[in-house]
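The values are calculated or read from the model by the stated rules, or taken from the named source; none is laboratory data. For clarity, every value in this text was computed on a predicted model and none was experimentally measured. All Cβ positions, glycine included, derive from the backbone under ideal geometry; neighbour counts span all protein chains shown. Accessible surface areas use protein heavy atoms only, side chains included; no ligands, DNA or RNA. Shrake-Rupley method; radii C 1.70, N 1.55, O 1.52, S 1.80 Å.
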Amino acid sequence: MVASERMLVVGVASVFAWEVVESCRRSGMTPICVDNYGGADDRLPNLIALSELDDRDIPWILGMAKAEYRSKASVAIAKSGFGEPTSLIDPTAVVASTVEVGHGAYVNSLAVVASNSRLGCHAHVNRSVSVGHDCKIDFAVSVCAGAVLAGFVEIGAAAFVGVGATILPQLSIGAGAVIGAGSVVTKDVPAGEVWAGVPARRIRANDEELVIQCPHCGADE
């Protein structure tokens, strides 16, 4: 992560923005919350509208959690003239030295990411998540609080893994897939499908239009 006394938290019309604010503070940085959409909590620190921001070269990170919103916001913010985002790893998280961290990735408090894993651009690993060794988490993936990914799991771009879900070893979750909270995934999940249950099974298609490539580097991983 680029060292800076300030960090822009962009896209803060979400209660999750407070999580990112606290990670900034624990990292010794001053968060500046930029509302590019409207409707942000006016208690957020140093809250300004996008139109009020003069310097767009300050390191920045997204302030929302849902994969759909992260993927689309990354495009909107790139078009607004921001530079390349930086990553943010909460000081209470444990990320192995062999983990590859893409720009804009965020690892929240008490998460663990094991050796030889990869976090794609704008990937989001929430509180107390356990990511096993040799996992691959692609662009704008959201892994929600308490989820467990065993070893060699691959999650495609803009997929969403719900709170407390478990994904067994050597499985793949396709791009844009959604895994329901508390689910136990025992087989590969195709792209663009919603799965839930114990064991998880297909519920329906995911009809959301998703961005699956990073607007900064063109990568989907």
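Yes/no matrix, rows are residues, columns are (1) in contact with a Pro (Cβ under 6 Å, 6 or more places away or on another chain); (2) among the acidic types (Asp, Glu); (3) open to solvent by less than 20 Å² (accessible area, probe 1.4 Å); (4) over 19 Å from residue 138 (Cα atoms):
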{"residue": "34", "(1), (2), (3), (4)": "no, no, yes, yes"}
{"residue": "51", "(1), (2), (3), (4)": "no, no, no, yes"}
{"residue": "54", "(1), (2), (3), (4)": "no, yes, no, yes"}
{"residue": "60", "(1), (2), (3), (4)": "yes, no, yes, yes"}
{"residue": "78", "(1), (2), (3), (4)": "yes, no, no, no"}
{"residue": "81", "(1), (2), (3), (4)": "no, no, no, yes"}
Considering residues that are open to solvent by 20 Å² or more (accessible area, probe 1.4 Å) and either under 15 Å from residue 31 (Cα atoms) or hydroxyl-bearing (Ser, Thr, Tyr) (or both), the number found within region 65-75 is 1
Go through region 114-149 residue by residue and tally those that are hydrophobic (A, V, I, L, M, F, W, C), over 20 Å from residue 70 (Cα atoms) and touching a His at 6+ places or on another chain (Cβ under 9 Å).
-> 1
Return the pairs, sorted by first residue and then second, in which the second residue is open to solvent by 10 Å² or more (accessible area, probe 1.4 Å) and of a type in the set (Gly, Ala, Ser), the first residue lies in region 13-24 and is assigned to a helix (DSSP H, G or I), the beta carbons are less than 8 Å apart, and the residues are 6+ apart or on different chains.
-> 17/40; 19/65; 19/109; 22/109; 23/109
Scan of region 190-207 for residues that are under 16 Å from residue 158 (Cα atoms) and either touching a Ser or Thr at 6+ places or on another chain (Cβ under 8 Å) or modelled with pLDDT under 85 (or both), ordered by number | 195
Here the residues within region 17-32 that are among the hydrophobic types (A, V, I, L, M, F, W, C) and open to solvent by 20 Å² or more (accessible area, probe 1.4 Å) are 18, 32
Assess whether residue 124 counts as being of a type outside the set (A, V, I, L, M, F, W, C), in contact with a Ser or Thr (Cβ under 6 Å, 6 or more places away or on another chain) and open to solvent by less than 10 Å² (accessible area, probe 1.4 Å).
-> yes
Across region 166-192, the tally of residues that are closer than 30 Å to residue 60 by Cα, in a loop (DSSP other than H, G, I, E, B) and in contact (Cβ under 8 Å) with a residue 24 or more places away in the chain stands at 5
So residue 47, is it crowded, with 19+ Cβ neighbours inside 10 Å, modelled with pLDDT of 95 or more and not aromatic (Phe, Trp, Tyr) | no
Pairs returned, first residue in region 69-98 that is closer than 17 Å to residue 110 by Cβ and among the hydroxyl-bearing types (Ser, Thr, Tyr), second residue that is open to solvent by 40 Å² or more (accessible area, probe 1.4 Å) and assigned to a loop (DSSP other than H, G, I, E, B), beta-carbon separation under 9 angstrom, 6 or more apart or interchain, are 92/110
May I ask you to list the residues in region 193-221 that are over 30 Å from residue 83 (Cα atoms), touching a Gly at 6+ places or on another chain (Cβ under 9 Å) and either part of a strand (DSSP E or B) or open to solvent by less than 40 Å² (accessible area, probe 1.4 Å) (or both)?
-> 193, 194, 195, 196, 197, 200, 203, 205, 206
Residue 94 versus (1) open to solvent by less than 10 Å² (accessible area, probe 1.4 Å); (2) out of contact with any Pro (no Cβ under 9 Å at 6 or more places or on another chain): which is the lone unmet condition?
-> (1)
Looking at region 120-144, which of its residues are touching a residue at least 24 places away in the same chain (Cβ under 8 Å), among the small types (Gly, Ala, Ser) and part of a loop (DSSP other than H, G, I, E, B)?
-> 120, 132, 140
